[in-house]
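The values are calculated or read from the model by the stated rules, or taken from the named source; none is laboratory data. Treat the numbers as computed from the prediction; the structure is a model and nothing was measured. Cβ atoms come from the backbone with ideal geometry, glycine included; neighbour counts cover every protein chain shown.
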Amino acid sequence: MSLNSLLYGKVTFNEPLALHTSMKVGGPACVLIEPETVKQLCALIKDAGGIGISVFVIGEGCNIIVGSEGIDNICVKLSAPVFREIKFSNTSVKVGAGASLSGLLIAAGEKSLGGYEFLSGIPGTIGGAIFGNAGAHDKTISSLLKEVEIIDPDGKINKIKAKDIKFDYRASDLGSNIIISAIFRFKKSNKNESKALSRTNLIRKINLQDYTAPSAGCVFKNPKGSAFSAGELIERSGLKGKVYGGAVVSGKHANFILNKNNAKSQDIMSLIELIKKKVKSDCGVKLEEEVMVIK
């Protein structure tokens, strides 16, 4: 089977992934495909698996760092309208995996729904948010989830109840399945109160985090059992403002690494390793990446 048989939808070869990631670094994708239909995506996954080629969904690239060599396998973006639909039915909503999380929250607010306000200010797509169990303020998106619709590695569509998915802190067991849509259940609320709470959470995030240069958000998970967050541990190790090439540890939020001066992927990855070693040495805590590093 030739590579040409895998090309379903909009296709771009050697596409620089720096254009598709919030950190603004990364080499080329061998091929970037934007399927136009679910059927195309199913066929792509089935045929790619048949010849041993992996398919990686890049989403909005908010939580990944891609190496300068790029990605040899197929990258997929669910940018077509069918993957971005939002449909409400009373307090339930079915939303495509390619829709933005912020777009869903705005739409839900206009329908006088609530319960999602803690997610305000979190970037990325619905699919990425579910896969990584995004959250804030000790709450996670999985608490709102009823069901996900996925394509398995054989290219078959399945529906999985939320109760049958194992969620953990910034993680799920969805593995190699590709999310194509999800159903959430919100609650009836006062539109103005929900908007006010969302705005309060957004302002708090803006005040605490660093948006002065491209980043991938929080680099490390907060370690279980530690009295300190990852950012606090990094700060206690004296690493705020630490520079490696064009990358720098934020002076505002130590769990942010910023692309301050045309950083290369290796600058960021080297800084990640430096932080892990220093925190382990100084604080006795092993940090684990929250971002996905693709070398």
>> Kindly evaluate VAL285 against the criterion of being in contact with a strand residue (DSSP E or B) (Cβ under 6 Å, 6 or more places away or on another chain), β-branched (Val, Ile, Thr) and not assigned by TED's automatic domain parsing to the domain that holds ILE58.
In response: no
>> Tell me the residue from ILE157, ILE206 that is of a type outside the set (D, E, K, R) and at pLDDT 95 or above, please.
In response: ILE157
> Here is a list of conditions, (1) without any contact (Cβ under 8 Å) to a residue 60 or more places away in the chain; (2) surrounded by 19 or more Cβ atoms within 10 Å (Cβ to Cβ); (3) more than 17 Å from the chain's Cα centre (by Cα), and ALA134 meets all of them except one; can you say which number that is?
Replying inline: (3)
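Residue by residue, here is whether (1) part of a strand (DSSP E or B); (2) more than 30 Å from PHE256 (Cα to Cα); (3) more than 13 Å from the chain's Cα centre (by Cα) holds:
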site: CYS62; (1), (2), (3): no, no, no
site: ILE65; (1), (2), (3): yes, no, no
site: SER68; (1), (2), (3): no, no, yes
site: ASP72; (1), (2), (3): yes, no, yes
site: CYS75; (1), (2), (3): yes, no, yes
site: VAL93; (1), (2), (3): yes, yes, yes
site: ILE106; (1), (2), (3): no, no, yes
>> If I go through region 136-175 residue by residue, how many of them are of a type in the set (A, V, I, L, M) and part of a strand (DSSP E or B)?
In response: 8
> Residues in region 244-259: is at least one under 30 Å from ILE106 (Cβ atoms), among the charged types (D, E, K, R) and not in a helix (DSSP H, G or I)?
Replying inline: yes
> Checking CYS75 against (1) out of contact with any His (no Cβ under 9 Å at 6 or more places or on another chain); (2) of a type outside the set (Lys, Arg); (3) crowded, with 23+ Cβ neighbours inside 10 Å, which single condition isn't satisfied?
Replying inline: (1)
> Taking GLY59, is it farther than 27 Å from ALA196 by Cα, in contact (Cβ under 8 Å) with a residue 60 or more places away in the chain and either β-branched (Val, Ile, Thr) or surrounded by 22 or more Cβ atoms within 10 Å (Cβ to Cβ) (or both)?
Replying inline: yes
> Going through region 210-233 one residue at a time, which ones are part of a loop (DSSP other than H, G, I, E, B) and closer than 24 Å to ALA18 by Cα?
Replying inline: ASP210, TYR211, THR212, ALA213, PRO214, SER215, ALA216, GLY217, VAL219, LYS221
>> Every residue in region 1-32 that is modelled with pLDDT of 95 or more and β-branched (Val, Ile, Thr), please.
In response: THR21, VAL25
>> Quick check on ALA18: is it over 30 Å from ASN261 (Cβ atoms), of a type in the set (Gly, Ala, Ser) and either crowded, with 21+ Cβ neighbours inside 10 Å or not assigned by TED's automatic domain parsing to the domain that holds ILE272 (or both)?
In response: no
> Only one residue in ASN207, ASN192 is over 30 Å from LYS277 (Cα atoms) and either outside any loop (DSSP other than H, G, I, E, B) or not polar (S, T, N, Q) (or both). Which one?
Replying inline: ASN192
